[in-house]
Amino acid sequence: MDRFIVDPVEFAAQAERWIGDKIQRVLESSMRCHLMLAGGATPLPIYRRLAMRKDIPWSRIDLYFGDERCVPVNTSENNYTTVMRSLFPDGDRPDGMNVYRMCGEEDPDKAAEVYELVLPERVDILLLGVGDDGHTASIFPGSAALDEEKRRVMPAIAAKPPLQRLTITPPVIQSARYLLVMVQGEEKADAVRRALVDRSVPAAIALDGDWLMDIQAARALPEEQRLGF
């Protein structure tokens, strides 16, 4: 469990290095790497940097998603579409790479059941973001998913549109081999404090992972914690 506080201009580069290093570690002992991606705006520049690397063997990587909005697939609000456009803007997906998307445009309960069947027993690398209300994946404050112990994927209701979502649950997050929580921006500062200090928001589920924050996102942490990073 590491905490990294970086200058905003270094944020994407630091995240890219972390992900690339973990991919190499996984592939040293396994033929394939199960990589679960976060949606939202924060990781998109990171994905664009990853796409430019020549040392990542995409043909040995299986991509999964931690949550999805229940919207048509070819829209800007769809996590799968925005992520894939960032990783492979020309649409030329590497041969051998498997991509497993959540079908949010279908019946949410059925889509959750189907996605649970394709998930690996344990995700190798899991990437998460944090919302300004402290949610992570699509596990929002007060969500039934917070207390889920058996189901690994389930429908969820968001605090803002689009309301209907699909999300992984705490068992997936807490069993990941490597976990990175990426948080950027002053508007996330209170959520970071509530997750890491108060442990009062859903993002605290990921407390045992590595956290990468820019200076603005970490500004509400107690000074002794910020000095220790």
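When only DSSP loop residues count, what trypsin sites (Lys or Arg not before Pro) in region 103-158 have their Cβ near at most 11 other Cβ atoms within 10 Å?
Listed in order of number, the matching sites are Arg122, Lys150.
With the largest listed first and rounded to whole Å, the semi-axes of the equivalent ellipsoid of region 30-155 from the Cα gyration tensor are 24, 17, 15. The GNM of the chain, with springs linking C-alpha atoms under 10 angstrom apart, assigns the highest mean-square fluctuation among Val172, Val118, Val181 to Val118. For the pair region 187-217 / region 42-84, the C-alpha centres are spaced 23 Å from each other.
With distances taken between every two different alpha-carbon atoms, region 41-102 has a Kirkwood hydrodynamic radius of 12.3 Å.
Which GluC sites (Glu not before Pro) does region 115-183 hold that lie in a coil by DSSP with at most 12 other beta carbons within 10 Å?
Values: sites: Glu116, Glu121, Glu148, Glu149; in loops: Glu121, Glu148, Glu149.
Sparse-neighbourhood loop GluC sites (Glu not before Pro): Glu121, Glu149.
DSSP beta bridges confined to region 140-229 are antiparallel in about 55 percent of cases. Annotation: the antiparallel percentage among DSSP beta bridges lying fully within the chain is about 30.
Listed by chain and number, the lysines whose alpha-carbon sits under 23 Å from that of Lys22, ignoring those within fewer than 8 places in the same chain, are Lys54.
Quick note: the coordinates plus some simple rules give every number you see, no bench work behind them. In this text the structure is predicted, and so the values were computed from the model without any measurement. Cβ sites come from the backbone with ideal geometry, for glycine too, and all protein chains shown count toward neighbours.
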